[in-house]
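The values are calculated or read from the model by the stated rules, or taken from the named source; none is laboratory data. Since the model is a prediction, treat every value here as computed from it, not as a measurement. Cβ coordinates were reconstructed from backbone atoms using ideal geometry, including for glycine residues, and neighbour counts include every protein chain displayed. Side chains are part of the model used for accessible areas, which takes the heavy atoms of the whole protein and leaves out ligands, DNA and RNA. Shrake-Rupley method; radii C 1.70, N 1.55, O 1.52, S 1.80 Å.
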Amino acid sequence: MISYAQNFEDVMLWRALKHIENGFYVDVGAAWPDEHSVTNLFYQNGWHGINFEPNPSFITKYKELRPNDINLQMAVSDKEGDAEFHFIDGTGLSSLDESIANSHDHLGFKSHASLVEVTTLAKVFLQHCQNQEIHFLKVDIEGYEKQALLGNDWNRFRPWIVAVEATLPMSQVENHSDWEYILLEADYIFAYADGLNRFYVSKEHSELLESFKYPPNVFDEFILVSQVNAEQRATQAEQNANEANARATQAEQRATQAEQNANEANARATQAEQHIELLLNSNSWKIIAPLRKFADFLRWFKTGAYSYITFAPGSRPRRVLKSLVSKIISKINENPKIKSKLLKILNNFPSLKVRLIRIGSPSTIDNSKFKIQNLELNHLSPQAKKIYFDLKNAIEQRKNEVQK
């Protein structure tokens, strides 16, 4: 079993009451529903009961984690009403006794007061336990244990076992003499003290006294919840480590695969280089070397020399010729006698005349002086006729622009 209590109180109570199925408990000053809880072991084993806890943060947790319990946000005393409760947040040190709450100031525990509802055990038992056996009652309310015990009707409501905190808060100073008489006078028998609490058994269930003969020991077969939590953290850490190792292994596998791929690529590259070397050193490659050179020559001739020879548009020879023709035409236009003779000659060669006009730059030709005369259009090809009319229209358009 798992022990949740601060001082093995649940181990002692379980030893005495483990034979009870679906038992009933009452926890006065319940504090946490899991940590340092005397009743959590029993709740986990099918028991239920009543939890008194005025601290709203604690009672909220009870309502969440203990839905089968009766969870009361009340303080317990010997009379009903409202009273100032001195809260020390996040601890189990809160109390109805202001002096006890203030006694923790030197330890850094600051308290603040707030009104809470106060009830008695007798009233709550009358409401919830008229036909319900109370198998154990635990009281731990920081110095107000006497008032809580005085508030019960011990003749009518008799828990089988009563466990009460028996030292002043945060000390080993025993204070059970203040309230023990209440239980002894109600026919309860002192059974066991653990240094923090005192256990009492009702006279009618005195057979349970045997269970308190020895302190918690190996035969109780329990482990602490702190050990369980530590093991769970260790297990989680191990799982995280295994997941990290798995991710690392996958990364190594991917790296290995990448290395294999790189090696295969290098091997293919080396193989290709070897094939190329074999090809370059082969007889067939050497035999066709002249053909490769001739092919290179043809490519050069097509892109270079051929364009020079054919005066292809954009080629340097064509540009040089156009410039030269333009200059010659300009000189001819300056000498009317030479111009007249040349025109007579060119009139006999219409195609040549048109070709020279096309090669020459129109911007350098004085159209008013260099006129095409006596040109027989019938002797021209369709393309030459088109060029002639285009040129004629351009000259007319330029004339109009000059006149404007």
| request: For the pairs Lys344/Lys392; Lys79/Lys213; Lys146/Lys213, note any where the Cα-Cα span goes beyond 30 Å. | output: Lys79/Lys213
| note | Taking 25-37, 327-339, 64-76, 243-255 and ranking on average Cβ neighbours within 10 Å, highest first, one gets 25-37, 64-76, 327-339, 243-255
| Phi to ³J(HN,Hα) by Karplus 6.51 cos²θ - 1.76 cosθ + 1.60 over the range 12-27, Hz, x for Gly, Pro | 5, 5, 5, 4, 7, 10, 5, 7, 8, 9, 6, x, 9, 10, 10, 10
| task | List, in order, the whole-Hz ³J(HN,Hα) value for each residue of the range 141-147 obtained from phi through the Karplus relation with A = 6.51, B = -1.76, C = 1.60 and θ = phi - 60°; use x for Gly and Pro. | result | 10, 6, x, 10, 5, 4, 4
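Taking a ≥ b ≥ c as the square roots of the eigenvalues of the Cα gyration tensor of the range 255-305, is the shape rounded (a/c under 1.5), prolate (a/b larger than b/c) or oblate?
Taking the square roots of the gyration eigenvalues as a ≥ b ≥ c, the range 255-305 is oblate.
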| remark: Whole-Å distance linking the alpha carbon centroid of the range 33-72 with that of the range 234-302 is 70 Å
| Roughly how many nanometres apart are two label points built 7 Å out from the Cα toward the Cβ at Asp153 and Asp220? | 3.5 nm
| field | Simple label model, 7 Å out from Cα along Cβ direction - Ala251 to Ile2, nm | value | 3.5 nm
| query | With charges set only on the Cβ (+1 for Lys and Arg, -1 for Asp and Glu), what does the dipole of the range 199-268 come to about its Cα centre, in debye to the nearest 20? | reply | 340 debye
| Solvent-accessible area, 1.4 Å probe, carbon plus sulfur percent, for the range 133-275 | 49 percent
| query | Ranked from the most accessible area to the least, with a 1.4 Å probe and all protein chains present, what is the order of Leu291, Leu342? | reply | Leu291, Leu342
| message | How large is the accessible surface of Trp154 in square angstrom, using a 1.4 angstrom probe and rounding to the nearest 10? | response | 20 Å²
| said: For Ser3, what residues show an amide H to amide H distance below 5 Å, using hydrogens built from the backbone and excluding near sequence neighbours? | reply: Ile223, Leu224, Val225
